[in-house]
Structure formats: structure tokens, C-alpha cells
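To start, the structure itself, in C-alpha cells.
The values are calculated or read from the model by the stated rules, or taken from the named source; none is laboratory data. Fair warning: this is a prediction, and the values are worked out from it, not measured in the lab. Positions of Cβ are generated from backbone atoms using ideal geometry, with glycine treated the same way; all protein chains shown enter the neighbour counts.
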Amino acid sequence: MAVTGLNSVQHIVVLMLENRSFDHMLGYLYADSANVSPVGDPFEGLTGTESCPGSDGSPVEVYQLTPSTPDVYFMPGADPGEGYQATNEQLHGSAGAPKVGTIPSMTGFVTNYAGAIKDNRAKGWHVVPGTTEHMIMGCFTPQTLPVLSAMAKGFAVCDAWFASAPTMTMPNRAFACAGTSQGNLDDKAKRFTVPSIFGHLGNHGIPWKIYGETKQPLTKLDFDDTRHAPASNIGLFTDFQADAAAGKLPAYAFLEPSWSSTGNSEHPNYNVALGEQFLLEVYRAVRDGPAWDSTLLIITYDEHGGCYDHVAPPWDATPPDDTPGEFGFDFTRFGLRVPTVLISPLTPAGTVFRASGSVPLDHTSILATIEHRWNLPALTRRDAVAPDVGGALSLAVPRTDDPLAGVQAPTPPPTTRALAEQPSHLEQLRDELLAQA
């Protein structure tokens, strides 16, 4: 009898990129087929009529970012508003917390971005010349992002995967790695004292490894059990490529991009074409390795980064613990949708994958998938109720086709000197933690 579902998986690989919403990256994925995939799955994408009011009150509609759009791979042109208060403004029009159960209008993105552009300039950050508030409504077409789009069409795209909290990077990365941010809602918290999934795996004798791109990974420095882990648990992307080629990937591999403003993290307004190249390199390493048939590759993004999305995040998230949250937040709201793709030869092409129950997919679904596969207890109350992605692995026999055969990443345009000289927030965090260590 063929081994199917999660039991067929021997290696889980996760690459978490930066600060892009679902609509911004994949909203037009199936626009040419009325938002229905080739296998008949409905897809919650853009219709092209979605809009937000601008600063003058007039509607600003979504529009397509095509290969001919000026500076397309640096869109939306500036760094949008991030964090809990900015997210509230984007969703609800006010920095304060909404009343319990309030459905977000999703109409504050343009006005919030107008303030973010001014803030960027006041701080001396690089802003693409000609950037205006309406650019936050620009969303990439599949032709502009050929690699991510080929992955999403060739395997499974999750159109209802949400960030774990309506806020910025470090709290959401903490949820992805530990199931809680310990009440933190901003990037001031860089170190977390709870057990991570990495230490959890190690305590049960299950191999894991964190790979930085060209420098020691930030994630290693975030948790007590990773900071003190053996050197063999930490590597660079070249080590990942070598491990994949040799069939020596660990049970769980977590990849980081380069955090530099000239790197491939895809943080706005960094070069998205570099991210496309990195995605293809990650895919080829896994797809061309001897363990392909038993590997699940998950591509996701930590948070929406202020980029537009039209789907209201749900309520009724399970608080991970009893830690009081910043701003009085109780962790019962999810963050916005983020692009997530599930890649496995056991996944039919054209799949649109969602959770089957009332609890949606979020970053702790990564933890649930690992825990369910290797029969581990949950880390927190959040991942204890999170759905896993085993349902996407529905084929009994691995596919032999390669949906990305012949797909080429876009040629990255040159990065301007002003952007290259701009300090990267997450690179600064990593260096600060490294100095403390």
C-alpha cells in the first residue's frame, strides 16, 4: 500500500520571505479564468474592481503591475506602514483596536500609504521617484512573477493563509517558529525565551537545520534553544544546496533570505526580481535532489507589510498563552493573507488549498504540520488547534513532471545607489543580536 499524506514526507523545507500581501503577489493568478483553477477549485483573487479611497476621498482601484510597469520590481516604491497600529488603520481606518467582531472594511491602505511615503522621506529612506499613494494598489501579474506564479499554478496555492497576528515581522516570525510572540507586537522584541520548534525537534531526536543566505541566520539568534544549538544545526544557502544534492536534508529545514537592501528578501521596496531568482534556486535544489519524492517545500511570507489585500482577516484566533499583549491586544485576530505555496510531487497541479474546518491556515500551521508528522506535542494553544497541510498531499504516486521546467526568473534591474546605501532594519537586528551573543 502506498504511503500518502504527511506520512509520505521525510523532509519539510520552509522559506519565509518578507512583507508582501496575497493580492499584491498572487491576486491576479487566475484572473484570466474567472478566478477558477484548471481543476475547478475556486480562487479568492482579484476581479479588478477592488478599490480604496484616496486622500481626497476618490476611489483608487487596484491595477496590474506588468513587466512594462516603470520600476516594477521596486513597487510599491516606498516602505508601507507596518505594525499593529498601521495595520489597524489599513483594515479599519483607525489606529485603535476595533470592537470585537468588527469586519474590517479593508479601505485604509491608500491613506495609510500616503503617510508612510512622507515618513520614508522624513527618515531619509529611498523612495522610487514618482511614487504616489495609489501605487499601494498595484498587484503583480503572473507574467511579472513567473517563478512564484509557476509554483502556485504547478502545485498548490493557499488563498486563505493568514499571518498569525495583525502586525509586523518579528512577532509573526516568532509565531512561525514558536507559536507565540510572548505578547510582543513590534520588532523591538528580538529575543524570545519560549521553546522553539527547533529545540522541540532536537529534544525528540529529530534533525533540523536553519540556513542563512550568505550570513549567520537571524533565526538562530532569536531563541535560547537555537542560540546554544550545535554548529551542525546552522548553515548557509550553499550548505542547503549541498545537503539537498547529497540527499542529506534534515527532517526540518528553515531558510532565510538575505536581509540587505540589495538582497532577495522582497521587503518593500527591495528588488523583487532577486527574490524570484532565489525562489527558483531553492526549488531547483529540492526538485533536483534525490529526496524530492519525500519532500514538502513551503514558500510563505511573514506578514503583509502594508501591501493591499481585499480579504478581511478572521476573528476567533486562539490566544497562544496568557501573556498580556502590547496595546491591550488579546491575539484573537489573525493578520492579513500572505502568499503561501505548497510544493510536493504528491500535490496535483492547479490545487487551491484551504483548511477544511473553521480554523484557517496561519503560520502556526507550519508547526502543526511538523508536529502531526512526527507525533510531537504542541508548543502553545495556537498551534494545538492549527490545521496542518497534509490534505494537499493527495496523490498516491509522486508526479514526475516539472512545472518549472524552462521557467526563468526575471533579470533583476540594477539597484540604485540610494537604496543600496539604505540600512536594512532586519540586518541591523541580526547584527545587534550577534554582537550581544
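Reported count of residues in the stretch 183-209, each being in a loop (DSSP other than H, G, I, E, B), touching a residue at least 12 places away in the same chain (Cβ under 8 Å) and either of a type in the set (Gly, Ala, Ser) or closer than 18 Å to residue 366 by Cβ (or both), is 8.
Results for (1) assigned to a helix (DSSP H, G or I); (2) at pLDDT 95 or above, shown as yes or no for each residue.
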| residue | (1), (2) |
| --- | --- |
| 395 | no, yes |
| 398 | no, yes |
| 401 | no, yes |
| 411 | no, yes |
| 415 | no, no |
| 419 | yes, no |
| 426 | yes, no |
| 433 | yes, no |
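As a summary of the residue check, residue 100 satisfies the conditions (1) at pLDDT 95 or above; (2) surrounded by fewer than 19 Cβ atoms within 10 Å (Cβ to Cβ) except for the one numbered (1).
When the residues of the stretch 359-383 are filtered to those that are without any contact (Cβ under 8 Å) to a residue 24 or more places away in the chain and over 18 Å from residue 14 (Cβ atoms), the one that is surrounded by the most Cβ atoms within 10 Å (Cβ to Cβ) is 377.
Would you check which residues across the stretch 93-136 are of a type outside the set (A, V, I, L, M, F, W, C) and part of a helix (DSSP H, G or I) and list them? Please lay out each step first, then the result.
Just the residues of the stretch 93-136 that are of a type outside the set (A, V, I, L, M, F, W, C), to begin with: 93-94, 96, 98-99, 101-102, 104-105, 107-108, 111-113, 115, 118-121, 123-124, 126, 129-134.
Result: 111, 112, 113, 115, 118, 119, 120, 121, 133, 134.
Within the stretch 18-57, the set of residues being touching an Asp or Glu at 6+ places or on another chain (Cβ under 9 Å), of a type in the set (Gly, Ala, Ser) and without any contact (Cβ under 8 Å) to a residue 40 or more places away in the chain comprises just one member, 48. For the stretch 22-33, the condition of being over 24 Å from the mean Cα position of the chain (by Cα), closer than 16 Å to residue 159 by Cβ and in a loop (DSSP other than H, G, I, E, B) holds for none of the residues.
Within this structure, residue 123 passes the test of being free of Cβ contacts under 8 Å to residues at least 12 places away in the same chain and not hydrophobic (A, V, I, L, M, F, W, C). Quick one: would you say residue 326 is of a type outside the set (Val, Ile, Thr) and more than 16 Å from the chain's Cα centre (by Cα)? So residue 326 passes the test. Flag set for residue 49, criterion: surrounded by fewer than 16 Cβ atoms within 10 Å (Cβ to Cβ) and either polar (S, T, N, Q) or modelled with pLDDT of 95 or more (or both).
Number of residues in the stretch 103-115 that are surrounded by 22 or more Cβ atoms within 10 Å (Cβ to Cβ) and of a type in the set (A, V, I, L, M): the value is 1.
Do we find a residue being in a loop (DSSP other than H, G, I, E, B) and under 23 Å from residue 171 (Cβ atoms) anywhere in the stretch 36-57?
Keep residues of the stretch 36-57 that are in a loop (DSSP other than H, G, I, E, B), which gives 37-41, 43-50, 54-57.
Next, from what is left, pick out any that are under 23 Å from residue 171 (Cβ atoms): none.
No, that holds for no residue.
Please enumerate the residues belonging to the stretch 56-97 that are at positive phi and either at pLDDT 95 or above or surrounded by 19 or more Cβ atoms within 10 Å (Cβ to Cβ) (or both). Lay out the reasoning, then the answer.
Within the stretch 56-97, the subset at positive phi is 57, 71, 77, 83, 93.
Passing the criteria: 57, 71, 77, 83.
Residue-wise test of (1) among the hydroxyl-bearing types (Ser, Thr, Tyr); (2) in contact (Cβ under 8 Å) with a residue 60 or more places away in the chain.
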position: 290; (1), (2): no, no
position: 293; (1), (2): no, yes
position: 297; (1), (2): no, yes
position: 314; (1), (2): no, yes
position: 318; (1), (2): yes, yes
position: 324; (1), (2): no, yes
position: 338; (1), (2): no, yes
position: 341; (1), (2): no, yes
position: 345; (1), (2): no, no
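The residues of the stretch 234-257 that are more than 20 Å from residue 426 (Cβ to Cβ), surrounded by fewer than 23 Cβ atoms within 10 Å (Cβ to Cβ) and either small (Gly, Ala, Ser) or touching a helix residue (DSSP H, G or I) at 6+ places or on another chain (Cβ under 7 Å) (or both), listed by number, are 241, 242, 245, 246, 247, 251. Could you tell me whether the stretch 366-379 includes any residue that is in a helix (DSSP H, G or I), farther than 18 Å from residue 254 by Cβ, modelled with pLDDT of 95 or more and touching a strand residue (DSSP E or B) at 6+ places or on another chain (Cβ under 9 Å)? For the stretch 366-379, residues in a helix (DSSP H, G or I), farther than 18 Å from residue 254 by Cβ, modelled with pLDDT of 95 or more and touching a strand residue (DSSP E or B) at 6+ places or on another chain (Cβ under 9 Å): absent. Scanning the stretch 380-393 for residues being part of a loop (DSSP other than H, G, I, E, B) and small (Gly, Ala, Ser) gives a total of 1. Restricting attention to the stretch 68-92, the residues being closer than 30 Å to residue 423 by Cβ and in a loop (DSSP other than H, G, I, E, B) number 11.
Within the stretch 333-351, is there a residue that is among the hydroxyl-bearing types (Ser, Thr, Tyr), within 22 Å of the chain's Cα centre (by Cα) and part of a loop (DSSP other than H, G, I, E, B)? Yes: the stretch 333-351 contains one or more residues that are among the hydroxyl-bearing types (Ser, Thr, Tyr), within 22 Å of the chain's Cα centre (by Cα) and part of a loop (DSSP other than H, G, I, E, B). Inside the stretch 247-268, residues that are small (Gly, Ala, Ser) and either assigned to a strand (DSSP E or B) or without any contact (Cβ under 8 Å) to a residue 40 or more places away in the chain (or both) make up a count of 1.
Give me the residue from the stretch 160-193 that is among the β-branched types (Val, Ile, Thr) and closer than 29 Å to residue 392 by Cβ and, out of that set, surrounded by the most Cβ atoms within 10 Å (Cβ to Cβ).
Initially, the stretch 160-193 is screened for residues among the β-branched types (Val, Ile, Thr), giving 167, 169, 180, 193.
Now drop any that are not closer than 29 Å to residue 392 by Cβ, which leaves 167, 169, 180.
On the way: 167: 29, 169: 25, 180: 26.
Going through the qualifying residues, I end up with 167.
Listed by first and then second residue, the pairs with beta-carbon distance under 6 Å, at least 6 apart or on different chains, first residue in the stretch 224-241 and part of a helix (DSSP H, G or I), second surrounded by 17 or more Cβ atoms within 10 Å (Cβ to Cβ) and among the acidic types (Asp, Glu), are 237/213.
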